[in-house]
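First up is the structure itself, then whatever we jot down about it.
Any read-out appearing in this document is the output of simple, stated calculations on the displayed coordinates, not a laboratory observation. In this text, all values refer to a predicted model and were calculated from it rather than measured experimentally. With ideal geometry, Cβ positions are generated from the backbone for all residues, glycine too; neighbour counts draw on all protein chains shown.
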Amino acid sequence: MMRAWILPMLFVLFGSAVATASALKGEPGTAVALLLVFVLLAGVNSPLIFPRSVGALEAERRSAVDGRPVVFWRPGCTYCLRLRIRLGGDARRLHWVDIWRDPAGAAVVRAANDGNETVPTVVVAGRPYVNPGHEWVREQLSRSA
């Protein structure tokens with residue numbers, strides 16, 4: 001769990017240092033703007049922007065029932081973030097598995113990617129797809145409905 005928060009915490013700490021330096025120079029407006037940018041970057045790279053993750057076994061069970069894809073992701077992954085943002089509200093309909101929190105999920109991803117933890121890996125009907133486009137994922141989601 002802690003590993004998922006390292007990058008956001010670094011953004012906040014670095015942003016605080018930069019904002020403090022700017023404030024000490026007598027530029028409070030710049031300091032506030034910089035701090036807001038770094039807090040925004042921390043939020044975007046935190047697990048908070050993603051729907052609640054479930055375990056790989058639970059996601060696979062749910063997917064077998066409703067046919068919706070399973071997305072294996074990890075915090076700090078720019079490709080995962082891009083997929084999440086481009087899916088918009090549809091992302092909440094998918095089953096998300098954080099591979100840093102779930103060893104079984106990490107094992108699924110490694111098995112699909114020759115031992116590498118390449119994410120996002122999307123599993124549809126038991127078949128993995130590595131870093132698919134958001135339109136393709138949305139299409140798979142609409143097929144399951």
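With a ≥ b ≥ c taken as the square roots of the eigenvalues of the C-alpha gyration tensor of the chain, please select rounded if a/c is under 1.5 and otherwise prolate if a/b is larger than b/c or oblate if it is not?
On the way: a/c = 3.10, a/b = 2.22, b/c = 1.39.
Prolate shape, in that a/c is at least 1.5 and a/b is the bigger ratio.
Going by average Cβ neighbours within 10 Å, how do the peptides 46-56, 22-32 rank, with the highest at the top?
Working: 46-56: 17.2, 22-32: 13.2.
With the highest mean Cβ count within 10 Å placed first, the list reads 46-56, 22-32.
Using mean Cβ contacts within 10 Å as the protection proxy, how do 2-11, 114-123 order, highest first?
On the way: 2-11: 14.8, 114-123: 17.8.
Going by the mean number of other Cβ atoms within 10 Å, highest first, we get 114-123, 2-11.
Whole-Hz Karplus ³J(HN,Hα) for the range 93-107, in order, using 6.51 cos²θ - 1.76 cosθ + 1.60 and θ = phi - 60°, x for Gly and Pro?
7, 8, 9, 9, 10, 7, 6, 7, 9, 10, x, 5, x, 4, 5
Among the DSSP beta bridges whose two residues both lie in the range 51-144, what percent are antiparallel, rounded to the nearest 5?
So the antiparallel bridges in the range 51-144 amount to around 65 percent.
Suppose every K and R has +1 on its Cβ and every D and E has -1 on its Cβ; what is the size of the dipole of the range 51-144 about the Cα centre, in Debye to the nearest 20? Before the final figure, lay out the partial values.
Numbers: 15 positive and 10 negative charges, 54 e Å.
Roughly 260 debye for the range 51-144.
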